[in-house]
Amino acid sequence: MVCNDGPTMDISRYLGRLLGLLFNDAAYCKKFHKAYNVIYAMEFYQKNGHLRPTTLFVSFNINDLCLNFSYQQVMDALEHFLNSYTSSDHSIQGMTITTILQLVRLVLHEQYFIYNYKLYRQTTGCASGSPLTIPLAYIYLFYWQQNLLEDLINKNELFFRYLSYFLILKSYSISIHQSRYRDEAFITWNRSEDELRTLLTMANSQFLQPIWNVIHIGSTIHFRDILMTNNNGLLQTSVYHEETFERIMLLSSFLDILQPAIKQDPWKWLRAAFLKAIRYCSDGNIFNEG
């Protein structure tokens, strides 16, 4: 939990935007605002010959990382990141790296919240809802043990992440954001499952607590409200139906046609559902079956 009017919130917002932009730039991220762009990225991946009959989809979350990362380790990773991707004068928007590190350290060490009428201080991780949490978590993830992560996420593979209602496509990854710490992701994998599990075990051993919580490994995966299958090297996509996704995803996918009064107009819901199915389904048979 986080106090939106806390004394460090403005600093957190500024640093969150700054570090988020730096990380996106360093990782060649591109943002999308529509879920179907994930399908386009997967189709491009297939067109380039990377989707093979043996390609695996691996879903996981890093929820524990956001809540429990070590301050010292995240500061070490942040310093490494800033030194690697800043100008020769080691300044960013007129601030030195030292100043940025001091401000981040200030925010991390001054996190307080009230629970059952008692005041608590958070000593690990970053506050839920803080704009600084996600940039720090992913800088920590990708730069604490950079060589190991580069082996895990090959430049020819895709890394998808879901967190809040917009998508990010990197040279080797896509990120999608959903609120708070419902942070789900998946990667494409073209080596053996045993090798993957070995790498994940090695990656987890480098952190104070396991952070790669694997949910599923296989040829079919659902991501956001999209169901994707690797059918012997052929990508098949359709709508993933789950009650908790239906209402919120229709609204977020079709903001241009859905207005606040949509609840009183079921025909707009129906139209939105048909449009989404047409965009998501890879062929007519899958559309008819859905």
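Data for the structure
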quantity	calculated
Subset of region 204-235 (residues that are in contact with an Asp or Glu (Cβ under 9 Å, 6 or more places away or on another chain) and within 26 Å of V38 (Cα to Cα))	I211, N213, I215, I217, H222, F223, R224, D225, L235
Selection from region 165-196 of residues that are farther than 19 Å from L51 by Cβ and modelled with pLDDT of 75 or more	D194
Filtered residues of region 111-164 (kept if modelled with pLDDT under 75, of a type outside the set (A, V, I, L, M) and in contact with a strand residue (DSSP E or B) (Cβ under 7 Å, 6 or more places away or on another chain))	F160, R161, Y162, S164
Check on F60, at pLDDT 90 or above and in the same structural domain as E184 (by TED's automatic domain parsing)	no
Among (1) modelled with pLDDT under 80; (2) over 19 Å from A26 (Cβ atoms); (3) in a helix (DSSP H, G or I), the one test that L199 misses	(1)
Matching residues, region 216-233, being under 24 Å from A272 (Cβ atoms), part of a strand (DSSP E or B) and within 17 Å of the chain's Cα centre (by Cα)	I221, H222, F223, I226
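Residue-by-condition table, conditions (1) of a type outside the set (K, R); (2) closer than 30 Å to L235 by Cα; (3) not in a helix (DSSP H, G or I):
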site: V58; (1), (2), (3): yes, yes, yes
site: F81; (1), (2), (3): yes, no, no
site: L103; (1), (2), (3): yes, no, no
site: L106; (1), (2), (3): yes, no, no
site: Y120; (1), (2), (3): yes, no, yes
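The values are calculated or read from the model by the stated rules, or taken from the named source; none is laboratory data. Nothing here was measured: the structure is a model prediction, and the numbers come from that model. Glycine also receives a Cβ, built like all others from the backbone with ideal geometry; neighbour counts cover every protein chain displayed.
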